[in-house]
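Comments concern the structure below.
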Amino acid sequence: MLEKIREAARTGRKVTLAEQGSQEIGPRALGNRSILAAPFTEETTGRLNKIKQREGYRPIAPIRLEQDAGRWFGGGVPDPSMLYFSQVESSELQAVTHVDGTARTQTVDPTANPEMAELLTSFGELTGFSVLCNTSLNHSGRGFINRTSDLIAYGELHGLDEYAVNGTFITPRR
C-alpha cells in the first residue's frame with residue numbers, strides 16, 4: 001500500500017484520502033484522517049480547495065518529518081499540532097506556500113505516527129522532499145469522516161483518485 005500512495009503522490013496528478021488508526025478531533029488534520037497530495041504545483045492547491053469547497057486563496061498545509069524540520073522551512077521547530085508559521089525556503093513547494101511565502105507546517109515524529117513517517121520517508125527517497133500536502137478529511141461544516149462508507153461516498157462525490165484505509169488501497173468506481 002505504501003508504494004501505491006507514494007507513487008500516486010509522486011505523479012502530482014492524484015489526490016489520496018488516507019484513513020488510519022484512531023479518529024481525530026480538533027481543528028487540524030494530523031495524519032489519521034487526511035487528504036494527501038504532492039506539494040509541487042499551484043494546481044494542486046486549487047484542486048484541494050475545490051475538493052474541500054473552500055476559497056481558492058486558502059493555503060494548504062504541509063506535513064513533514066520532524067528530523068527534516070529545518071530543511072525546507074525556516075525555523076525548524078518541531079510542531080506536531082501545526083501552531084507556528086515558517087518561511088518556505090524552496091520554490092519547488094508551490095502547493096504549500098501561501099502568498100506571503102509562509103506555511104503552517106506539521107512535523108511528524110516517527111515514534112508518534114510510524115505509518116505517516118514511513119510514507120514521508122519513502123516519498124522523500126523518491127522525490128527528494130519528505131513533504132506532502134495534508135488537509136483534513138472532513139465535510140465542510142460537518143466534521144471529520146470516521147466511517148469507511150462515508151469516506152468512499154465523500155471521495156466519489158468530490159472526484160478523489162484513490163483511498164488508503166487502514167492498510168488497504170482502494171481505487172474508486174468510475
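The values are calculated or read from the model by the stated rules, or taken from the named source; none is laboratory data. All of these numbers come straight from a predicted model, not from anything done at the bench. Backbone-built Cβ (ideal geometry, glycine too); neighbour counts: all protein chains shown. For accessibility, only protein heavy atoms count, side chains too; no ligands or nucleic acids. Shrake-Rupley method; radii C 1.70, N 1.55, O 1.52, S 1.80 Å.
Taking the stated definitions as given, is Val165 surrounded by fewer than 19 Cβ atoms within 10 Å (Cβ to Cβ) and in contact with an Asp or Glu (Cβ under 7 Å, 6 or more places away or on another chain)?
Considered against the rule, which asks whether it is surrounded by fewer than 19 Cβ atoms within 10 Å (Cβ to Cβ) and in contact with an Asp or Glu (Cβ under 7 Å, 6 or more places away or on another chain), Val165 comes out as yes.
So which residues in region 122-131 are over 14 Å from the mean Cα position of the chain (by Cα) and either assigned to a strand (DSSP E or B) or among the polar types (S, T, N, Q) (or both), if there are any at all?
Ser122, Thr127
Taking the residues in region 45-92 that are in contact (Cβ under 8 Å) with a residue 40 or more places away in the chain and among the acidic types (Asp, Glu) as candidates, determine which candidate is most open to solvent (accessible area, probe 1.4 Å).
Among residues in region 45-92 that are in contact (Cβ under 8 Å) with a residue 40 or more places away in the chain and among the acidic types (Asp, Glu), the one most open to solvent (accessible area, probe 1.4 Å) is Glu92.
Please go through (1) of a type in the set (A, V, I, L, M, F, W, C); (2) free of Cβ contacts under 8 Å to residues at least 60 places away in the same chain; (3) in contact with a strand residue (DSSP E or B) (Cβ under 7 Å, 6 or more places away or on another chain) for Cys133 and return the number of the only condition it doesn't satisfy.
Only one criterion in (1) of a type in the set (A, V, I, L, M, F, W, C); (2) free of Cβ contacts under 8 Å to residues at least 60 places away in the same chain; (3) in contact with a strand residue (DSSP E or B) (Cβ under 7 Å, 6 or more places away or on another chain) is unmet by Cys133, namely (2).
Got a sec? Which strands (runs of 3 or more DSSP E) wholly within region 36-108 have at least 3 residues that are more than 13 Å from the chain's Cα centre (by Cα) and modelled with pLDDT of 90 or more?
Ranges flagged: 85-87.
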